[in-house]
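Written out below as structure tokens is the structure these notes cover.
The values are calculated or read from the model by the stated rules, or taken from the named source; none is laboratory data. Keep in mind that what you see is a predicted model, and the values were worked out from it rather than measured. As a convention, Cβ positions derive from the backbone with ideal geometry for all residues, glycine included, and neighbour counts pool all protein chains shown. All accessible areas refer to the heavy atoms of the entire protein, side chains included, with ligands and DNA or RNA removed. Shrake-Rupley method; radii C 1.70, N 1.55, O 1.52, S 1.80 Å.
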Number of protein chains: 2
Amino acid sequence: MFIELDLQSETPLYTQLIDQLIEGIASGELKPGEPLPSVRSLAEDLGINLHTVNKSYNLLKQEGFLQVHRKKGVIVQPDGMPGVTQEFEEKLRRTLRSLAAETAVRGMTEEAFVQQSRSIYRDILTNRGGEQR
Amino acid sequence: MFIELDLQSETPLYTQLIDQLIEGIASGELKPGEPLPSVRSLAEDLGINLHTVNKSYNLLKQEGFLQVHRKKGVIVQPDGMPGVTQEFEEKLRRTLRSLAAETAVRGMTEEAFVQQSRSIYRDILTNRGGEQR
DNA sequence: ATATCTGTTATATATGTAATATAACAGATA
DNA sequence: TATCTGTTATATTACATATATAACAGATAT
């Protein structure tokens with residue numbers, strides 16, 4: 001899987017990494033049970049510190065997207081992804097609310113905003129490596 | 001206008017303040033040309049430091065949502081709000097992409113996601129104090 | 001068995017952001 | 001003249017981010 005970090009971005013490295021791993025899972029590029037690179041090798045590949053990768057893995061494990069097997073190492077959650085928790089619903093609402101407000105003030109219509117949302121959602125599911133669905 | 005800050009939130013105070021002011025403009029509760037409280041009085045009302053309020057005002061001024069009049073003080077932009085800039089488009093895409101990916105992984109459908117977006121957009125425009133539109 | 005790889009933990013350091021505190025300035029207002 | 005405005009400067013505290021180095025216990029491969 002291709003991962004690219006922007007060292008200039010104001011988004012923290014561990015957040016960028018989390019985002020791209022979740023996208024990988026969403027698109028199907030990362031399948032349940034599939035092993036991820038070790039914290040050390042991925043850190044070296046990306047040119048960052050092992051602890052930064054470890055932080056991303058740990059947060060994803062904590063939320064149920066990854067598992068750590070003493071034998072298999074770190075793998076994509078094989079027993080079903082976590083559903084829509086109350087915490088996620090609140091985060092979703094908060095973030096959409098902030099976005100929608102600025103969108104409205106800047107004169108973008110409801111339909112434009114909604115179409116953007118739909119288009120991006122599809123984009124993610126569509127970006128599969130050619131397999132599945 | 002009612003402003004409430006969550007001191008426990010991980011969202012910075014100045015960001016919470018910015019969000020609520022933009023919501024106020026979007027909803028029509030804050031009208032173009034309307035004066036905002038001084039940095040000192042608002043800071044005291046909210047129980048925070050004057051520099052925190054000043055930071056929010058400055059960022060909003062920098063993006064074109066507010067004006068600073070030597071006479072009238074700080075007012076809501078009277079000469080038309082800024083439109084959809086390239087920077088905003090990129091921020092919108094990035095944020096929606098991250099949200100949509102997690103939404104999809106958690107099993108929320110495209111329609112549910114899109115409906116959330118639409119519902120929240122409407123919610124903001126609807127929360128007017130009873131005036132206008 | 002030895003060496004290597006795994007995630008994990010601990011400690012330390014450097015840097016930047018967030019938030020507060022005090023003080024002062026120039027322009028406008030009453 | 002006294003007061004209020006945004007603005008600037010300086011300092012301090014606290015926290016998040018990211019890195020560096022080291023060590024540990026469990027698993028793997030030679």
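Quick check: anything in segment B:105-117 among the hydrophobic types (A, V, I, L, M, F, W, C), farther than 21 Å from A:ARG97 by Cβ and more than 7 Å from chain A (Cβ to nearest Cβ)?
Pass one, segment B:105-117, residues among the hydrophobic types (A, V, I, L, M, F, W, C): B:105, B:108, B:112-114.
Those still in the list that are farther than 21 Å from A:ARG97 by Cβ too: B:105.
Narrowing further to those that are more than 7 Å from chain A (Cβ to nearest Cβ): none.
No: segment B:105-117 contains no residue that is among the hydrophobic types (A, V, I, L, M, F, W, C), farther than 21 Å from A:ARG97 by Cβ and more than 7 Å from chain A (Cβ to nearest Cβ).
Restricting attention to segment A:60-93, which residues are in a helix (DSSP H, G or I), touching a strand residue (DSSP E or B) at 6+ places or on another chain (Cβ under 9 Å) and within 14 Å of chain B (Cβ to nearest Cβ)?
In the first step, residues of segment A:60-93 are kept if they are in a helix (DSSP H, G or I); the result is A:60-63, A:86-93.
From the residues that got through so far, the ones that are touching a strand residue (DSSP E or B) at 6+ places or on another chain (Cβ under 9 Å) too are A:60-61.
Correct list: A:LEU60 only.
For A:HIS51, all conditions in the list (1) exposed (fewer than 14 other Cβ atoms within 10 Å of the Cβ); (2) in contact with a helix residue (DSSP H, G or I) (Cβ under 9 Å, 6 or more places away or on another chain); (3) outside any helix (DSSP H, G or I) hold save one; what is the number of the exception?
Single failed check for A:HIS51: (3).
Among the residues that make up segment B:22-37, is at least one of them within 14 Å of DNA strand C (Cβ to nearest atom), among the hydroxyl-bearing types (Ser, Thr, Tyr), in a helix (DSSP H, G or I) and crowded, with 16+ Cβ neighbours inside 10 Å?
The initial filter retains those residues of segment B:22-37 that are within 14 Å of DNA strand C (Cβ to nearest atom), namely B:35.
Within this subset, residues satisfying the condition of being among the hydroxyl-bearing types (Ser, Thr, Tyr) are none.
No: segment B:22-37 contains no residue that is within 14 Å of DNA strand C (Cβ to nearest atom), among the hydroxyl-bearing types (Ser, Thr, Tyr), in a helix (DSSP H, G or I) and crowded, with 16+ Cβ neighbours inside 10 Å.
Pull out all pairs, ordered by first then second residue, where Cβ-Cβ is under 9 Å, the residues are six or more apart or on different chains, the first lies in segment B:25-37 and is away from chain A (no Cβ under 14 Å), and the second is assigned to a helix (DSSP H, G or I) and exposed (fewer than 14 other Cβ atoms within 10 Å of the Cβ).
Taking only residues 6 or more apart or on different chains, the pairs are B:PRO37/B:ASP45.
With respect to A:LEU7, determine if the residue is in a helix (DSSP H, G or I) and either within 16 Å of DNA strand D (Cβ to nearest atom) or exposed (fewer than 12 other Cβ atoms within 10 Å of the Cβ) (or both). Explain how you work it out, then say what you get.
Values: in a helix (DSSP H, G or I): no; either within 16 Å of DNA strand D (Cβ to nearest atom) or exposed (fewer than 12 other Cβ atoms within 10 Å of the Cβ) (or both): yes.
Considered against the rule, which asks whether it is in a helix (DSSP H, G or I) and either within 16 Å of DNA strand D (Cβ to nearest atom) or exposed (fewer than 12 other Cβ atoms within 10 Å of the Cβ) (or both), A:LEU7 comes out as no.
Output the number of residues of segment B:72-117 satisfying the condition of being among the β-branched types (Val, Ile, Thr), open to solvent by less than 50 Å² (accessible area, probe 1.4 Å) and within 16 Å of A:SER27 (Cα to Cα).
Keep residues of segment B:72-117 that are among the β-branched types (Val, Ile, Thr), which gives B:74-76, B:84-85, B:95, B:103, B:105, B:109, B:114.
If we keep only those that are open to solvent by less than 50 Å² (accessible area, probe 1.4 Å) as well, we get B:74-76, B:95, B:103, B:105, B:114.
Still in the running and within 16 Å of A:SER27 (Cα to Cα): B:103, B:105.
Here the count works out to 2.
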